[in-house]
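*Asks:* After the structure tokens below, expect a handful of questions from me.
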Amino acid sequence: MAIDSTPRTDPDSALALKILVAGGFGVGKTTLVGAVSEIRPLRTEEQLTEAGAGVDDTGGVSRKTTTTVAMDFGRITIRSGLSLYLFGTPGQDRFWFLWDELAQGALGAVVLADTRRLADCFAAVDYFEHRRIPFVVAVNCFPGARSFGAHEVSRALDLDRGTPVVLCDARDRDSGKEVLVRLVEYAGRMHAARMLDSVG
């Protein structure tokens, strides 16, 4: 069954933009969507079971007890006339068939990263780079994790020049909102540049 994830125009908003929140298993996607959403977020979480023990790598996130199996959904108004519809993607490989459906019509994406498990976000970075969907990398600063600067993370992920890397706390609404503002600004510049290239 196809998922219709096309944003509908909010009567109180002149413009609604679709944003994906992606990244590896247990990186904080559901937390970020829930922290910034002004509506009660829709979640499709299920309990982790012993059957998934050999599939889901819980190293570094041993206290995690649930996982997203379809998507998270939330909405936030950035300013008057501009709302973002947020779609959190599932992190495990076996749910990636949903990504293409969720990515249709997206302005851009936030790739959440955990420096303790940085390799877990490589697949998301590759996905958006190959589809030319603008994205920012948001490093979720977990308590006790070694801190790295944005430049160090950019080099470790071998990001294209100019791809923004920001530090954030996925639990904090203001921090999450700042990530989304950076994404909208960056995606706007990228789309404008592509339009100029196509005209030129």
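The values are calculated or read from the model by the stated rules, or taken from the named source; none is laboratory data. No experiment lies behind these values; they were computed from the predicted model shown. All Cβ positions, glycine included, derive from the backbone under ideal geometry; neighbour counts span all protein chains shown. The protein model used for the area step is the full one, side chains on, heavy atoms only, and it has no ligands, DNA or RNA in it. Shrake-Rupley method; radii C 1.70, N 1.55, O 1.52, S 1.80 Å.
*Asks:* Carbon-plus-sulfur fraction of the accessible area of the stretch 116-158, 1.4 Å probe, in percent?
*Replies:* 50
*Asks:* Say each of Val181 and Asp100 gets a label point 7 Å from the Cα, pointing the same way as Cα to Cβ; how far apart are those two points in nm?
*Replies:* Label at Val181, label at Asp100, 3.7 nm between them.
*Asks:* Among 146-157, 73-84, 170-181, how do they line up from the highest to the lowest mean number of other beta-carbon atoms within 10 Å?
*Replies:* Per-residue mean Cβ counts within 10 Å order the peptides as 170-181, 73-84, 146-157.
*Asks:* Another question, then. Remind me, relative contact order of the stretch 108-172 in percent, using alpha carbon pairs under 8 angstrom and six or more residues apart?
*Replies:* Relative CO of the stretch 108-172 lands at 37 percent.
*Asks:* Sticking with this structure for a sec: Full-extension gain between Met195 and Asp172, please, as 0.36 nm times their residue separation minus the C-alpha to C-alpha distance.
*Replies:* 4.8 nm
*Asks:* How much FRET efficiency would the formula 1/(1 + (r/R0)^6) give for Leu15 and Arg161, where r is the Cβ-Cβ distance and R0 is 45 Å, rounded to 0.05?
*Replies:* It comes out at approximately 0.95.
*Asks:* Please give the Cα centre distance for the stretch 150-200 versus the stretch 96-141, rounded to the nearest Å.
*Replies:* For the stretch 150-200 versus the stretch 96-141, the Cα centre distance is 11 Å.
*Asks:* Between beta-carbons, use under 14 Å as the cut-off and find the net charge around Leu157, counting Lys and Arg +1, Asp and Glu -1.
*Replies:* -4
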